[in-house]
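The values are calculated or read from the model by the stated rules, or taken from the named source; none is laboratory data. Source: prediction; values computed, not measured. Cβ placement follows ideal geometry from the backbone for every residue including glycine, while neighbour counts extend to all protein chains displayed.
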Amino acid sequence: MEGLAIKSDHTNTDIRVTNLNFAYLKDPVLKNVDFTLKQGAVGLLGPNGSGKTTLLRCLLGQVPLKPGQVEVMGLDMAKKARLARAGLGWMPERGGIIPGMSGVGLVAYLGQLSGMPSRDAMQRAHEVLHFVGLADERYRKCDDYSQGMKQRLKLAQALVHDPTWLFLDEPTSGLDPRGRVSILELIRDLAWNKGLGVILSTHLLADVETVCKEILVLRDGELLARETVDAVGHAPLQVFEVEGFGEEATFLAGLEKLGATVTVDKRLLLVKLDMQRITGSSVANSAESGGSVPFPAAAGVKAILGVASESGYALRRVRRRPVSLADEFYKMVEA
């Protein structure tokens, strides 16, 4: 994964979406979508039909837009989409393969379409194909590639012209577990080590947890939530797993004084605490605040330990129950 140089000639790399509404026919696909993104690794999540691919097409200027709705790298995509696309790499879920062409020929051809001289495009094609692991297959016809090789080829196409932002629509679609891990490692390297902005649109939450630092959640065309990935599991109400023995009634009474609610899961007591009450903090966790964690697990553990000590309850285990991105996502979209 080493050796691929990424250059950006843009001083303004922000993406700004303002009151974006879009419909192909009568029914709206996107409704009043607003956000501003700094260059980084962003996951675009949502159920099928939520508007993820349409939003990417709007960011690429592939559909008619009203002036002022979408601005990419300082350029209004209603007026200057062609100019902006010189700094954008696009990896679609479907298509992207021209039968009969070799891998290197196809990537070089797309480099020329983006405005690169033919010699530069061919040199760059060899570089990006080496980066994605197709150096030994670059002269084969691309329609003979396996699904995993085709996905790598599409990633190479998106990189050939040194983009500032990379838009990926279901990049691990159809891949086996090993192929998924491999291509996610490439994407993470591009976002975390080589400085590209990446928007990863997917329904696979594990992919987002692997690559992204921030998530946007769409539902029915609306921006439902925006969170940092690190913020997941740090909501004010948190659940702690407790196991022990002793004066359980006294222990439960002490937890009740903390405002806790307790349920039983086999040998465990599941203690739900309001961390705002425990810490005396009302700080909200958000992408705008830099993704800080205002409700550390240690505060809840300390409170439970204090109650156990006072009630003579001996603890074998106490820890915050892990919360995955999947848990939080399904809470959002099913609410």
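Data for the structure
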item: Hits in the stretch 142-169 - residues which are out of contact with any Asp or Glu (no Cβ under 9 Å at 6 or more places or on another chain), surrounded by fewer than 16 Cβ atoms within 10 Å (Cβ to Cβ) and either closer than 24 Å to GLN39 by Cβ or touching a residue at least 24 places away in the same chain (Cβ under 8 Å) (or both); result: ASP143
item: Pairs with Cβ under 7 Å, 6+ apart, first in the stretch 106-117 and charged (D, E, K, R), second at pLDDT 90 or above; result: none
item: Residues within the stretch 14-38 that are farther than 26 Å from LEU204 by Cβ, in a loop (DSSP other than H, G, I, E, B) and either in contact with a helix residue (DSSP H, G or I) (Cβ under 6 Å, 6 or more places away or on another chain) or not aliphatic (A, V, I, L, M) (or both), tallied; result: 3
item: Residue satisfying all of: in the stretch 39-63; more than 12 Å from the chain's Cα centre (by Cα) and aliphatic (A, V, I, L, M); nearest to LEU200 (Cα to Cα) among these; result: LEU56
item: Residue tally, condition over 15 Å from ASP162 (Cα atoms) and of a type in the set (Phe, Trp, Tyr), over the stretch 117-140; result: 1
item: Condition met for VAL271 (touching a Phe, Trp or Tyr at 6+ places or on another chain (Cβ under 9 Å) and without any contact (Cβ under 8 Å) to a residue 40 or more places away in the chain); result: yes
item: Count of the stretch 170-185 residues which are part of a helix (DSSP H, G or I) and surrounded by 19 or more Cβ atoms within 10 Å (Cβ to Cβ); result: 3
item: Only listed residue being over 21 Å from ALA135 (Cα atoms), at pLDDT below 90 and not in a loop (DSSP other than H, G, I, E, B), chosen from VAL208, VAL198; result: VAL208
item: Pick from the stretch 5-23, criterion modelled with pLDDT under 90 and farther than 15 Å from VAL72 by Cα, ranking: surrounded by the most Cβ atoms within 10 Å (Cβ to Cβ); result: ILE6
item: Residue count for the stretch 87-96, restricted to those that are buried (at least 17 other Cβ atoms within 10 Å of the Cβ) and closer than 22 Å to LEU175 by Cα; result: 6
item: Looking only at the stretch 153-187, and only at residues there that are among the acidic types (Asp, Glu) and in contact with a strand residue (DSSP E or B) (Cβ under 7 Å, 6 or more places away or on another chain), the one that is farthest from LEU83 (Cα to Cα); result: GLU170
item: Yes/no for LEU83 being within 20 Å of the chain's Cα centre (by Cα) and either surrounded by fewer than 18 Cβ atoms within 10 Å (Cβ to Cβ) or of a type outside the set (Asp, Glu) (or both); result: no
item: Among (1) surrounded by 21 or more Cβ atoms within 10 Å (Cβ to Cβ); (2) modelled with pLDDT under 85, the one test that THR228 misses; result: (1)
item: Subset of the stretch 146-182 [over 24 Å from MET116 (Cβ atoms) and of a type outside the set (Gly, Ala, Ser)]; result: GLN147, GLU170, THR172, LEU175, ASP176, PRO177, ARG178, ARG180, VAL181
item: Residue match in the stretch 115-124 (condition: closer than 20 Å to LEU88 by Cβ, within 23 Å of the chain's Cα centre (by Cα) and modelled with pLDDT under 95); result: no
item: Residues of the stretch 103-114 that turn out to be crowded, with 20+ Cβ neighbours inside 10 Å and either among the hydroxyl-bearing types (Ser, Thr, Tyr) or more than 30 Å from the chain's Cα centre (by Cα) (or both), as a count; result: 0
item: Among (1) at pLDDT 90 or above; (2) under 29 Å from LEU216 (Cα atoms), the one test that ALA303 misses; result: (2)
item: Sole exception among (1) modelled with pLDDT under 90; (2) in contact with a helix residue (DSSP H, G or I) (Cβ under 8 Å, 6 or more places away or on another chain) for VAL72, by number; result: (1)
